[in-house]
Amino acid sequence: MQLKQRRIAITGGFGTLGLAAVHAALDAGARVVAIDRADPPAGGIAQATCLGGVDLADPQSAKQALAAAADALGGLDALVNIAGTFRYENVADGSVDTWDLLYRVNLRTAVAASQAALEHLQAGGRIINIGAASAVKAGAGVGAYTASKSGVMRFTEALAEELKERDITVNALLPSIIDTAPNRTDMPKADFSRWVKPEQLADVIVFLLSEQSSAITGALIPVTGRV
């Protein structure tokens, strides 16, 4: 897939999946702005513009960040919402605050960033969100997480319908377990070869950013490896 100078903003751009998506988009010929709540990596990201310290759950901060991204790129063709977090916590002995946190980080950031991007996106634009395969049916300990990711999925479907007449596609990926260092630490006895590599997920993101995906919108696409 070739992105031919497409101008892309990626939230959560300094995390494991975010960095993989940034590098995959750059390798495909895109111009990229990486946005994150965290500080940029030491030395930045080669060929990408980095915007750190951004609270994307705050609509005004999101608006300013997406405006800065569009200004840096001379416009905006796509938004990839990767910003998110995870907590494992049973309902019985957990905290309602965890539900608020995961809603804020996983869903609210996607909504606020998408709203902010819409004034910059034109026909042919793309919005890509990250849901979760586990949100199809929640298990013990992941109620708050899957509830927030289910919200991302319904948000994706609703926004896709809203934007059909503007020829802007909106899709979500539903990964299983992503092969990251924290996940390996939390599940040391697992077979890591069965998990989805960040680079594999990034390849699917690049496809959805490309012209070849123009007929796909409102899709919730499982990317589950062999889990």
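The values are calculated or read from the model by the stated rules, or taken from the named source; none is laboratory data. Since this is a predicted model, take the numbers as computed values, not measurements. Neighbour counts are summed over all protein chains in view; Cβ atoms, including those assigned to glycine, are modelled from backbone coordinates with ideal geometry. For the accessible areas, the whole protein counts, side chains as well, though only heavy atoms, and no ligand, DNA or RNA atoms are used. Shrake-Rupley method; radii C 1.70, N 1.55, O 1.52, S 1.80 Å.
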Worksheet item: What residue, among those in the range 152-162 that are loosely packed, with under 14 Cβ neighbours inside 10 Å and of a type outside the set (A, V, I, L, M, F, W, C), is farthest from Gln115 (Cα to Cα)?
Response: Glu161
Worksheet item: Do we find a residue being closer than 18 Å to Ile8 by Cα, among the hydrophobic types (A, V, I, L, M, F, W, C) and touching a Phe, Trp or Tyr at 6+ places or on another chain (Cβ under 9 Å) anywhere in the range 45-64?
Response: yes
Item to complete: List the strands (runs of 3 or more DSSP E) that sit entirely inside the range 24-85 and contain at least 1 residues that are closer than 23 Å to Gly131 by Cα.
Response: 31-35, 78-81
Discussion item. It is to be established whether one or more residues within the range 117-126 are open to solvent by less than 20 Å² (accessible area, probe 1.4 Å) and among the charged types (D, E, K, R).
Written reply: yes
Worksheet item: Does Ala133 satisfy being open to solvent by less than 40 Å² (accessible area, probe 1.4 Å), of a type in the set (Gly, Ala, Ser) and touching a Leu at 6+ places or on another chain (Cβ under 6 Å)?
Response: yes
Worksheet item: Does the range 93-110 hold any residues that are surrounded by fewer than 22 Cβ atoms within 10 Å (Cβ to Cβ) and touching a helix residue (DSSP H, G or I) at 6+ places or on another chain (Cβ under 6 Å), and which are they?
Response: Thr98, Trp99, Tyr103
Discussion item. Step by step: first the residues of the range 163-181, then only those that are free of Cβ contacts under 8 Å to residues at least 60 places away in the same chain and open to solvent by 40 Å² or more (accessible area, probe 1.4 Å), then the one that is nearest to the chain's Cα centre (by Cα). Which residue is that?
Written reply: Ile177
Item to complete: Select, from Asp55, Asp36, Asp27, Asp71, the only residue that is open to solvent by 60 Å² or more (accessible area, probe 1.4 Å), acidic (Asp, Glu) and farther than 18 Å from Glu199 by Cα.
Response: Asp71
